[in-house]
1. Determine which single condition A301 fails, assuming it passes every other condition in (1) over 26 Å from A48 (Cβ atoms); (2) free of Cβ contacts under 8 Å to residues at least 40 places away in the same chain.
2. Return the pairs, sorted by first residue and then second, in which the second residue is of a type in the set (G, A, S) and in a strand (DSSP E or B), the first residue lies in region 129-157 and is on the phi > 0 side of the Ramachandran plot and touching a residue at least 40 places away in the same chain (Cβ under 8 Å), the beta carbons are less than 9 Å apart, and the residues are 6+ apart or on different chains.
3. So is P69 touching a strand residue (DSSP E or B) at 6+ places or on another chain (Cβ under 9 Å) and either under 21 Å from Q296 (Cα atoms) or crowded, with 24+ Cβ neighbours inside 10 Å (or both) or not?
4. Check whether at least one residue in region 327-337 is away from the ligand (no atom under 16 Å from the Cβ), surrounded by 14 or more Cβ atoms within 10 Å (Cβ to Cβ) and not aromatic (F, W, Y), and report yes or no.
5. Any idea which of (1) touching a residue at least 60 places away in the same chain (Cβ under 8 Å); (2) more than 20 Å from H261 (Cα to Cα) is the one A213 doesn't satisfy?
6. Mind telling me which of the residues P6, P58, P69, P34 ends up being more than 30 Å from P349 (Cβ to Cβ) and not aromatic (F, W, Y)?
7. Criterion first (within 17 Å of Y338 (Cβ to Cβ) and among the basic types (K, R)) does R43 satisfy it?
8. How about region 1-116: which strands (runs of 3 or more DSSP E) wholly inside it have at least 2 residues that are away from the ligand (no atom under 14 Å from the Cβ) and closer than 22 Å to L260 by Cα?
Amino acid sequence: MELFTPTTLGALALRNRIVMAPMTRSRAAADGMPTDVMVEYYRQRASAGMIISEGIAPSADGLGYCRTPGIYNAAQVEAWRAITDAVHAHGGSIVAQIMHVGRVGNVLNKPADSETVAPSAIRANGEMYTDQQGMQPFDEPRALSLDEIAAVVEDYRQATGNALAAGFDGVELHCTSGYLPAQFLSTGTNRRRDRYGGSPENRVRFVLEVLQAMAGVAGASRVGMRICPDNPFNDLHDENPQQTFECLLQHVAALDLAYLHVIRFGQGRVDNLALGRRYMGDRLIGNESYGLDEAQQAVAAGELAAVSFGRNFIANPDLVERWQNGQPLATFDIATLYTPGADGYTTYPRAGN
Ligand SMILES: Cc1cc2nc3c(=O)[nH]c(=O)nc-3n(C[C@H](O)[C@H](O)[C@H](O)COP(=O)(O)O)c2cc1C
């Protein structure tokens with residue numbers, strides 16, 4: 001089956017087309033440090049064609065959820081090195097998903113010297129979990145100044161360099177789900193009157209500057225981007241996501257990135273996969289609720305270069321082998337998705353064990 005054959009996306013070599021989707025699992029230490037149990041988790045899943053890491057913050061401001069990792073200091077880089085080494089030692093490849101939460105944070109989940117920042121000072125409706133006080137409202141963000149926007153772009157540049165220094169094969173920009181890049185793109189979260197707000201050309205500027213910064217360090221052939229144009233997650237709203245993403249992808253196509261990672265989920269206003277195909281049709285990774293047969297068909301038909309799987313990888317560290325051998329899949333325990341420690345994280349056995 002084509003799904004089990006190797007391919008390349010830019011400079012990234014995939015040993016099969018079954019990609020592990022990025023998943024936040026909240027097993028880092030409180031200071032954004034990757035932990036030993038994370039080394040084991042990623043090592044167990046190294047037979048994926050390529051692993052996309054959980055979202056990793058490019059700065060302390062970029063952290064917002066409890067026990068999530070960063071890649072903005074030397075100790076973090078060193079700890080990530082143990083993870084990439086473990087994956088490579090098993091013949092796998094791994095890219096770092098760079099994720100800045102922007103306004104989606106709570107002060108209890110953030111380092112003491114950090115702030116909750118966004119394109120505009122508009123608080124997201126809703127709550128998030130904190131270890132100290134359970135569910136808490138999202139912080140009121142402070143709007144970034146022009147100088148601060150330039151500094152955030154620099155943070156992404158630095159994080160990309162750090163990811164390469166830590167041994168990652170590439171980087172992926174998290175550009176969906178209501179986090180900072182999506183906040184710049186969308187009319188509901190971006191009310192700026194300067195060159196970063198207003199027209200689609202202005203709202204896509206931040207994302208393009210970030211991608212150029214990342215590509216400037218890693219080379220475009222090691223940079224991917226994840227999108228889900230009509231995603232309402234974290235109180236995100238855009239008046240015309242089709243227009244916004246047409247504008248963005250026209251520019252992105254010219255950058256010659258390694259891949260575009262498209263979550264097909266939406267509210268019916270945009271056909272995400274069709275849009276992605278129009279601009280980067282030969283290097284699409286598709287995602288969201290794929291099973292083996294549908295993924296195989298999409299790859300065999302040439303519609304997708306690869307398919308990423310999230311939930312299926314949680315309880316099936318050997319997902320690739322299980323599908324190859326026709327073995328049944330295990331189901332995961334929702335109660336331990338985000339709890340600290342090994343339980344429900346590295347405790348799922350391989351088939352037959
Ligand atoms: C526990 C969990 C954590 C997730 N964390 C992230 C994340 O950090 N970054 C991201 O882009 N998507 C994240 N997602 C979304 C997944 O990457 C994926 O898009 C989603 O699970 C749908 O794919 P699936 O149907 O194969 O599970 C997460 C999903 C789950 C279930």
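1. A301 satisfies all of (1) over 26 Å from A48 (Cβ atoms); (2) free of Cβ contacts under 8 Å to residues at least 40 places away in the same chain except (1).
2. Nothing qualifies.
3. Values: touching a strand residue (DSSP E or B) at 6+ places or on another chain (Cβ under 9 Å): yes; either under 21 Å from Q296 (Cα atoms) or crowded, with 24+ Cβ neighbours inside 10 Å (or both): yes.
Here the answer is yes, as P69 does meet what is asked.
4. Step one: list which residues in region 327-337 are away from the ligand (no atom under 16 Å from the Cβ), which gives 327-328.
With surrounded by 14 or more Cβ atoms within 10 Å (Cβ to Cβ) added as a condition, the list becomes 327.
Checking the rest, the ones that are also not aromatic (F, W, Y) come to 327.
Looking for residues that are away from the ligand (no atom under 16 Å from the Cβ), surrounded by 14 or more Cβ atoms within 10 Å (Cβ to Cβ) and not aromatic (F, W, Y), one finds at least one in region 327-337, hence yes.
5. (2)
6. Values: P6 fails: more than 30 Å from P349 (Cβ to Cβ); P69 fails: more than 30 Å from P349 (Cβ to Cβ); P34 fails: more than 30 Å from P349 (Cβ to Cβ).
Within the list P6, P58, P69, P34, the selection yields P58.
7. No, not satisfied.
8. Values: elements: 7-9, 12-14, 18-20, 50-56, 94-98.
So the answer is 7-9, 12-14.
The values are calculated or read from the model by the stated rules, or taken from the named source; none is laboratory data. Nothing here was measured: the structure is a model prediction, and the numbers come from that model. Using ideal geometry, Cβ is built from the backbone for each residue, glycine included, and neighbour counts are taken over all protein chains shown.
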